[in-house]
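S.K.: Quick one: the structure is below, questions incoming.
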Amino acid sequence: MSAKRLLVPVVPLLAAASLLAGCSGNAANVSQFCRDVNTLTAATAGTKTPAEQLAAFKANRSTLHDLVSHAPSAVSAKVQQFVTITEAHIASNDPNLAAAPGWTTAALAVTDSCAPPTKPSTAG
C-alpha cells in the first residue's frame, strides 16, 4: 500500500514488510517492532470504515503498546505520537484518526521504518 493510501479518511494502516531498513537499535527489538507493525497491518487491512479501523486498534491494544517498547530510536518519537493519538481516539471512541493532527505523519514514519529500502535505478 502506498503512502498516499494512508491519507484517505479510511486508513488501513501500515502496509509494511518485515524487512529491516535502516533501523538503529537492538536487532531483536527492531525485529519485534516490525512484527508488531505487521500484526497491525493485518488487523487493519480489511477495514472499510473508520469505525472498523478503530475496532481493529482496540482489539490490538497490547500490540500498540509493544510498538513503543520495541521502537528503533530513529523513529521512537513518531511511534509514541502515533500510539498516543490512537489511544486517545480509542478512549474517546472517536474513529476519525486520519483527521487527527500529526497522526498520518506518525503512521507513515511507523510504516517507513519497516519498509524495504528503495533500490536506485540502474537503467541507463
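The values are calculated or read from the model by the stated rules, or taken from the named source; none is laboratory data. All values reported here derive from a predicted model rather than from experimental measurement. Please note: Cβ atoms are built from the backbone with ideal geometry, for glycine as well, and neighbour counts cover all protein chains shown.
S.K.: Among the residues of segment 34-43, is there at least one that is crowded, with 19+ Cβ neighbours inside 10 Å, in a helix (DSSP H, G or I) and either at pLDDT below 90 or at positive phi (or both)?
M.R.: Yes, there is a match, as at least one residue in segment 34-43 is crowded, with 19+ Cβ neighbours inside 10 Å, in a helix (DSSP H, G or I) and either at pLDDT below 90 or at positive phi (or both).
S.K.: If you don't mind, another one. Consider only pairs whose beta carbons are under 7 Å apart and that are at least six residues apart or on different chains; among these, list those whose first residue lies in segment 43-70 and is without any contact (Cβ under 8 Å) to a residue 40 or more places away in the chain and whose second residue is charged (D, E, K, R).
M.R.: What qualifies is Thr63/Asp36; Leu64/Glu87; Asp66/Asp36.
S.K.: Condition check: modelled with pLDDT of 90 or more, of a type in the set (Ser, Thr, Tyr) and exposed (fewer than 14 other Cβ atoms within 10 Å of the Cβ). Does Ser24 satisfy that?
M.R.: no
S.K.: Tell me, yes or no, whether segment 12-20 has at least one residue that is touching a helix residue (DSSP H, G or I) at 6+ places or on another chain (Cβ under 7 Å), surrounded by 14 or more Cβ atoms within 10 Å (Cβ to Cβ) and at pLDDT 90 or above.
M.R.: no
S.K.: Suppose we keep only residues that are more than 11 Å from the chain's Cα centre (by Cα), surrounded by 14 or more Cβ atoms within 10 Å (Cβ to Cβ) and of a type in the set (A, V, I, L, M) within segment 52-67. Which one would you say is nearest to Gln32 (Cα to Cα)?
M.R.: This residue is Ala56.
S.K.: Same structure again: Could you list, ordered by first residue, the pairs with Cβ atoms under 7 Å in which the first is in segment 97-119 and surrounded by fewer than 17 Cβ atoms within 10 Å (Cβ to Cβ) and the second is at pLDDT below 90 and small (Gly, Ala, Ser), at least 6 apart or interchain?
M.R.: Every condition considered, the pairs that remain are Pro116/Ala17; Pro116/Ala21; Pro117/Ala21; Pro117/Gly22.
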